[in-house]
Amino acid sequence: MIPQSTIDRIVDAANIVDVVSDYVTLRRAGASYKGLCPFHDDKTPSFSVSPARGVCKCFSCGKGGNAVHFIMEIEQMSYVEALKHLAKKYGIPVEEEEMTDEQRQKMNERESMFAVNEWAAKYFSQTMMTNQDGRAIGLAYFRSRGFRDDIIAKFRLGFCLDSPDAVSKEAKAKGYNEKYLVDTGLCIKRDNGSLYDRFRGRAMFPWIAVNGKVVAFGGRVLDARTKGVNQKYVNSPDSLIYHKANELYGIFQAKKQIAKEDMVYMVEGYTDVLAMHQCGIENVVANSGTALNEAQIHLLHRFTNNITLLYDSDEAGIHAATRSTDMLLAEGMNVKILLLPEGDDPDSFSRKHNAQEFKAYVAEHQTDFILFKTNLLLKDAQRDPIKRAQLTEDIVKSIAVIPDEIIRSTYVHECAEILNMDEAILMRGANKNRSSILENLKKEAQREIDRQNRLLNNGTDNAGTDNSPATGTSSSSPATDTPVGADDSFSAITAESDTTQQPSEAGHTGLDFQNIITKQSQSEQRFLGIERMILTLVTRYGEQPLTSPTSSEEGEEATSIEFPAEELTLAEGVQNDLDYDGITLRSPLYAKMLRLTCEHVHDEGFIASKFLLNNQDEDISREAADLIDDRYQLSSGNQMEKSEEELKLTYISRLLCDYKNAIIEEELKQYNANLTLPEVKDNPTLLMDTMRHIKELGEIQRQLAKRLGDRVVVK
């Protein structure tokens, strides 16, 4: 376990803008920053980063938090892993004990596979630099290709000895489980149970994911064996931590430069990437000969809207240039094509030119994809009217996927001139295809909604028979639900109070809640919105003194909670008020957050928001990040003369009253429903007991009505 003091140092050092900028291109928007959300298919910037509060938030998909939560989400790390990641980034030492055998066994599969791959990358690199065969074969190969030692080190290149089991023997000697050697694809298990090395005798290219973790390897066969072989490269198989279709070679080394230059070059092979880095161009990635897919495109779109595809000028290169481009256009990316001079690929071309010359050539010769495709197909069709009609339809389909209407219109105009066609005809074709695309997207979205509703209904007993909110919100995510009578914002509370008399107090009822009110509610979700707002105040102001505001004018009534004469903090005032009436918050998470705040509120230098945000309990930390988000601001409505100090007391008083009133309303519904049951109607004792409870609850409700400005109507 990492000490809390170390966690505080890490979180305090982690600049949220700096952390997020490693993954997302941010642009200043007032006091905050905005960018495309990395967690969903974001077409317009909805991801906001607040350096003042140290949190980020997507107001579309809802994901975010502090720097630790961001790293956890984007890198799929545990809380401890994310802390260590940030500690390494900011040079903060984290004291760790050497793992015991028992602890190593408890490592989850992902962690174990990452650990094995990290060891293997170091092993292959050391083998190439220190082993005689490694230097004579592996290192000699890379140097024969002209790669400098700094490039070899940057991409962690290595060599696997031409031995059937050198890797497996060394790994097992270091204590690594053979299960993970097989699961990562480093080794293959024979029928007799023995292992042999997948990459023996090959130059090794580690695949490093955007988070810096080694997820897989590519191995190239060397020497004379390359002649006549169909498969020079062997790659790791798909696994729990690696899906080739989701990865891009070189993304880790390129991501910062991509964001800085707001442009990425796409090439085909490993050595193309290496050669361009050596030339001085670092914003380059490779798809390793496979067609781009949505996951890879979305990964690139985190960093830039602009992509230039670099390919050979031969037929294979031209074919590669036209693959997957419609998906790039649909993502809203600006796509350029550059066919290199005949006989050159990115590797050979970059060796002949420095970075400035390379970029100058790109700027002069790259072509917008739609125009490139139009000219290419027009050349193929020549004077054949059928082929021209087919190419026109093909081009129109590509234009139709572009989300921006102005860009679509511009392409239609330019293509009409090239094809010597009526612009209106092309526009009608593009609009028709666009309508079809949108209709299909709508159907797909509806199918997903229907699927989610089926899952929800199948997983809920007596769906639709209780008083909980409508389907579509998971009960496992109480923080996002809105209860009856309580909107998920402070302004809603204020709006109500604008038209009613302010309560003189939110004090205690004087009746025994614990004995009157049953704990078995059929609509727990109803209360979670109010609890969320209570905890928002506790998180933001929990350590501040809870003092009764003095009347600013004669006749103005105070609105604070009643509490003993000694000074309490806001968190303690809330807890005492609930305890007095025997009420426990229904959300275990919120109850725990309130309890821990009260337990530590008198610690030296205690700040509730920092304590909860940096808490080692991941659920508490995540929820605190959401509660302190900028959208939760106190709003005084028509009470602009009041200070925030007074407002928070007004709100906490009203929220506690609302919470108690919600409990009473729920219980009254239940007891009134019981009156219709035969076993109650036919049993005088039960009937009288039920009527007594209804009367007592009605009395409590009338008392609360006075404090809530007579908003509660008792029938």
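The values are calculated or read from the model by the stated rules, or taken from the named source; none is laboratory data. If you're wondering where the values come from, they're calculated on a predicted model, not measured in any experiment. Neighbour counts are summed over all protein chains in view; Cβ atoms, including those assigned to glycine, are modelled from backbone coordinates with ideal geometry. Accessible surface areas use protein heavy atoms only, side chains included; no ligands, DNA or RNA. Shrake-Rupley method; radii C 1.70, N 1.55, O 1.52, S 1.80 Å.
Suppose the chain between residue 360 and residue 90 were pulled fully straight at 0.36 nm per residue; how much longer would it get relative to their current alpha carbon spacing?
93.5 nm
Which links in 154/213; 179/255; 213/260; 260/397; 189/232 stretch past 24 Å when you go from one Cα to the other? The partial results should precede the final answer.
Numbers: 154/213 14 Å; 179/255 33 Å; 213/260 22 Å; 260/397 33 Å; 189/232 22 Å.
Flagged as over cut-off: 179/255; 260/397.
Rank these residues by their accessible area, most exposed first, probe 1.4 Å: 60, 324.
Descending order: 60, 324.
Using a 1.4 Å probe over the heavy atoms of the protein chains, calculate the carbon and sulfur portion of the accessible area of segment 354-449 as a whole percent.
Carbon plus sulfur share of accessible area: 52 percent.
Given the whole protein assembly as supplied and a 1.4 Å probe, what does the accessible area of residue 16 come to in Å², nearest 10?
Approximately 10 Å² of residue 16 is accessible to the 1.4 Å probe.
Could you rank 372, 147 by how accessible they are, 1.4 Å probe, largest area first?
Listed by decreasing accessible area, they come as 372, 147.
Decide, for segment 585-626, between rounded, prolate and oblate: order the square roots of the alpha carbon gyration tensor eigenvalues as a ≥ b ≥ c, take rounded if a/c falls under 1.5, and otherwise choose prolate if a/b is larger than b/c, else oblate.
Here segment 585-626 falls in the oblate category.
What do you reckon, how do 207, 119 stack up by accessible area (1.4 Å probe), largest on top?
Order by accessible area, largest first: 119, 207.
Testing the spin-label approximation: label points 7 Å from Cα along Cα→Cβ at residue 189 and residue 262. State their distance in nm.
5.2
Within the accessible area of segment 8-48, what % is carbon and sulfur when the probe is 1.4 Å and the other protein chains stay in place?
Details: 860 of 1830 Å².
That share works out to 47 percent.
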